[in-house]
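*Asks:* Okay, here's the structure, questions in a sec.
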Amino acid sequence: MSETEKTARPPRIDCVLVCGGVWHDMDFARLELLKLLAEDPAVRTRVFEDYENLEALRQADILITYTCDVTPSLAAQEVLREWLAAGGRWYALHGTNSVLRLLSEGPDKGLWDAPRWAPLFMDMLGSQFISHPPIAPYTVTVADHAHPLVAGIAPFETTDELYHLETHGDLHVLLETECTEPGTGFVEAADAPGTHPVMYLKDHGRGAVLYNTLGHCRGHYDLQPMLDWWPTVDRCAWDLPVFYDLLRRGIAWLKQRNPAANAG
C-alpha cells in the first residue's frame, strides 16, 4: 500500500468499552460514551458489562471503563497488567475503582465499606474509592496547566460525587479538588477532608491509565432493589460542556497509544 493510500485509510482502532455495575444509569453513560467514540469512524467498539472476555482485552488497542463495584477476576487483572505494560492505554471513569459492601452486622452495620479485596486492580488504576460527602457543588482546579489533557481548562464548579480516594503509586495529577467535609454513610468517612485528585495519569511500562472521577449519573430505577424509585434524574458533570471536553481529550489521548501495544 502506498503512503497516500495509508493516509487515506487510517488504521482501525479496536476499543473495548466496559460499562456495568450498580447504582448508576449505565444505559445513559454507555450511550454517551459510544456517541463520543463514534465521532471517529476508525474506532470500532465492543461493549461488555465486565472484564471477563479476556481475548477482547488482549486484542484491544484502547480501553474505556465506566463501572461501579465491578472487579475483574484475577485472570482478567493479569491480562490487563500485561496489556498495559505492552503499551495499552486505559481511560477509567468514575466508579471504576470501587469495591462496595453494605455491612449487615457489627458496629458499622448499615454503613458502606470499601474492602481492599483487589490490590492488583487498584494498583493498576492508581486509586481506590473510599467514600464521598453528599452530592453538592464543589470546585475543580487544574494541577498541571501545561499538560495537553487539561491545557486551557479553567477552574470549574460541578455538582457531583466528590471522591475521597486512597491513592497507589506515582500519579501525575491533572485536576484536583478540596474536600471540606466527611463522607456520608461510609465506614471511613472521617478521613475524607483534604485534597483529592479528580483526574490523573499513571504510567505502566509502555502504557498508562488516565483516571477521571467525575461523571456520576442516576435515573429513577437505578437504586433497585435497595430503593424502588429515585425521585430525580441526576446527570451531574454530564451536564457540563467541560466534562465532554475532558472526555474527548481523553479519547484523543487513548488513540495516541503505541500501535504495537497488542502486537503478537
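The values are calculated or read from the model by the stated rules, or taken from the named source; none is laboratory data. Keep in mind that this is a model prediction, so the values were computed, not measured. All Cβ positions, glycine included, derive from the backbone under ideal geometry; neighbour counts span all protein chains shown. Only protein heavy atoms, including side chains, enter the accessible area calculation; ligands, DNA and RNA are left aside. Shrake-Rupley method; radii C 1.70, N 1.55, O 1.52, S 1.80 Å.
*Asks:* Taking H placed 1.01 Å from N in the peptide plane, check which residues at least 5 places from THR184 or on another chain put their amide H under 5 Å from its amide H.
*Replies:* Here HIS132 satisfy the definition.
*Asks:* Follow-up question, since we're still on this one. Quick one: what are the phi-derived ³J(HN,Hα) couplings along the range 79-96, Karplus 6.51/-1.76/1.60 with θ = phi - 60°, whole Hz, x for glycine and proline?
*Replies:* 4, 4, 4, 5, 5, 5, 4, 7, x, x, 10, 10, 9, 9, 10, 6, x, 3
*Asks:* For a protection proxy built on the mean count of beta-carbon atoms within 10 angstrom, sort 87-100, 115-128, 143-156 highest first, please.
*Replies:* Packing proxy ranking, top to bottom: 87-100, 115-128, 143-156.
*Asks:* Rounded, prolate or oblate for the range 147-211? Axes are the square roots of the Cα gyration tensor eigenvalues, ordered a ≥ b ≥ c, and the cut-off for rounded is a/c under 1.5. Please report the intermediate quantities before stating the final value.
*Replies:* On the way: a/c = 2.86, a/b = 1.41, b/c = 2.03.
Verdict is oblate for the range 147-211.
*Asks:* Per residue, how large is the accessible surface of the chain? Use a 1.4 angstrom probe and give square angstrom.
*Replies:* 46
*Asks:* Using only the alpha carbon atoms of the chain, find the Kirkwood hydrodynamic radius as the inverse mean reciprocal pair distance, in angstroms to one decimal. Please report the intermediate quantities before stating the final value.
*Replies:* Values: mean 1/r = 0.0525 Å⁻¹.
It works out to 19.0 Å.
*Asks:* Starting from the amide H of THR45, placed 1.01 Å from N in the peptide plane, find each other amide H under 5 Å away whose residue is 5 or more places distant or on another chain.
*Replies:* CYS15
*Asks:* Per-residue ellipticity at 222 nm for the chain, helices alone: DSSP H runs ≥ 4 residues times -39500 (n - 2.57), over residue total, nearest 500 deg cm²/dmol?
*Replies:* On the way: 6 runs with 57 residues, N = 264.
Counting only the DSSP helices, I get -6000 deg cm²/dmol.
*Asks:* Would you look at the GNM of the chain, springs on alpha carbons closer than 10 Å, and say which of GLU78, GLU55, GLU105 moves the most?
*Replies:* In the Gaussian network model the winner is GLU105.
*Asks:* Would you mind telling me the share, in percent, of accessible area of the chain contributed by carbon and sulfur at probe 1.4 angstrom?
*Replies:* Roughly 53 percent, rounded to a whole number.
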